[in-house]
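A short write-up of the structure that comes next.
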Amino acid sequence: MKITIKRYHPHFKPQYKDFTYEIPQNLTLLEALEYIKESIDNTLTFSKGCRSGVCGSCAVRVNEKEVLACEYKIEDGDKIEALNFIEPIRDLVVDIKKPLKTLKIAKTYLSKPNEISMNEKDEKLIRKQSDCILCAACYSSCPVFETNSNFLGPFALSRSYRYIADKREENKKEKIEAVISNGIFDCTLCGNCTVVCPQGIDPKRDILMIQSEALKYGYQNPNLSNFGSFGLDF
Ligand code: SF4
Ligand code: SF4
Ligand code: FES
């Protein structure tokens, strides 16, 4: 079977070029990439780690949808490319540093923890978001980055909700304040992030939950006030 890889080199012109490779059947995408590197072209560059869906380092796009290369079974005619909206380094490798900075901007940590003990129900509320493996698949799938490269993005906002919902956090207002600018109200609620997450995390739902918390703290959704100016009062 054949697959096509959109390859990138910062010093070649054109920087992007499609290459088609003949590969054996029944391979995961990561196995196919390793096969190409070992048997056809040792310059092919890609990221890998655990090989079992845990480390998050192998996320790429197949036919314009984000997948983990170690979990995806390759099909004839697949087109493989690097994640969207993240600075490319070489071929399928991207520079994850900028997306990771969003975690700091969104203050995704406990700022002012109290001594309250957590019960099973409290922990369940914040457990799923903690499964994030920072693969950035959701980030790549998010259409907001087409127009706003400073958007905080789905994984940072989902993790933000994990700390806003944490019973031990006493400074929830600080957490919410951190995700207002380029954050929760910039999300279009398209749900792409939720669809592609290999961990079953639901950033769209977490963003909606923060929006609802933010309203309690007096923040307004600016998009709704724009509707108001067209005569649609909510
Ligand atoms: S739901 Fe929001 S954060 Fe998720 S992909 Fe859509 S616009 Fe981006
Ligand atoms: S929320 Fe899901 S898709 Fe996004 S970085 Fe975390 S594990 Fe990956
Ligand atoms: S190699 Fe670790 S998630 Fe794929």
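Using a ≥ b ≥ c from the Cα gyration tensor of segment 97-226 (square roots of the eigenvalues), is it rounded, prolate or oblate, where a/c under 1.5 gives rounded and otherwise the larger of a/b and b/c decides, a/b for prolate?
Verdict is oblate for segment 97-226.
Would you give the gap between the C-alpha center of segment 55-115 and the C-alpha center of segment 157-222, rounded to a whole Å?
19 Å
Roughly what angle does helix 154-164 make with the longest principal axis of the chain, taking Cα atoms, 0 to 90 degrees, to the nearest 10?
Taking the Cα atoms of the chain, the angle to 154-164 is about 30 degrees.
Give me Leu125, Leu83, Leu189 ranked fewest to most by other Cβ atoms within 10 Å of their Cβ, as a rough exposure proxy.
Going from sparsest to densest Cβ surroundings: Leu189, Leu125, Leu83.
In what sequence do Thr194, Thr188, Thr147 fall when counting other Cβ within 10 Å, fewest first?
Arranged by neighbour count, lowest to highest, Thr194, Thr188, Thr147 become Thr147, Thr188, Thr194.
What percentages, rounded to whole numbers, describe P(r) for the chain computed over all alpha carbon pairs with 5 Å bin width beginning at zero?
Binned Cα distances yield the sequence 1, 7, 13, 16, 16, 13, 11, 9, 6, 5, 3, 1, 0.
Would you mind calculating the relative contact order of segment 2-94 from Cα pairs under 8 angstrom and at least 6 residues apart, reporting the percent as a whole number?
For segment 2-94, the relative contact order is 35 percent.
List the relative contact order of segment 97-226 as a percent without decimals, with contacts defined as Cα pairs under 8 Å and 6+ residues apart.
In percent, rounded to a whole number, it is 31.
Take the Cα gyration tensor of segment 61-136, multiply each eigenvalue by 5, square-root it, and list the three semi-axes largest first, rounded to whole angstrom.
35, 18, 7
Over all directions, average the projected area of the Cα convex hull of segment 2-94 and note it in nm².
Projected area, direction-averaged: 5.6 nm².
Please enumerate, by chain and number, the lysines with C-alpha under 18 Å from the C-alpha of Lys98, excluding those fewer than 8 residues away in the same chain.
Excluding near neighbours in sequence, the set is Lys107.
What relative contact order, as a whole-number percentage, does the chain give when Cα pairs under 8 Å and 6 or more residues apart are counted?
17 percent
How much mean residue ellipticity at 222 nm does the chain get from its helices, if each DSSP H run of length 4 or more adds -39500 (n - 2.57) and you divide by all residues, to the nearest 500 deg cm²/dmol?
-9500 deg cm²/dmol
Looking at this model, which pairs from Lys2/Lys101; Lys97/Lys121; Lys101/Lys173; Lys101/Lys204 are more than 32 angstrom apart at the alpha-carbon?
Over 32 Å apart, Cα to Cα: Lys2/Lys101; Lys97/Lys121.
Using only Cα atoms and rounding to the nearest 10 degrees, what angle (0 to 90) does helix 203-216 make with the longest principal axis of the chain?
Approximately 20 degrees, to the nearest 10.
If the reach is capped at under 20 angstrom between alpha carbons, list the lysines near Lys6, excluding any in the same chain fewer than eight residues apart.
Correct list for Lys6: Lys17, Lys37, Lys48, Lys65, Lys73, Lys79.
None of the figures in this text is laboratory data; all of them are computed from the coordinates on show. All of these numbers come straight from a predicted model, not from anything done at the bench. Cβ: placed from backbone, ideal geometry, glycine included. Neighbour counts: every protein chain shown.
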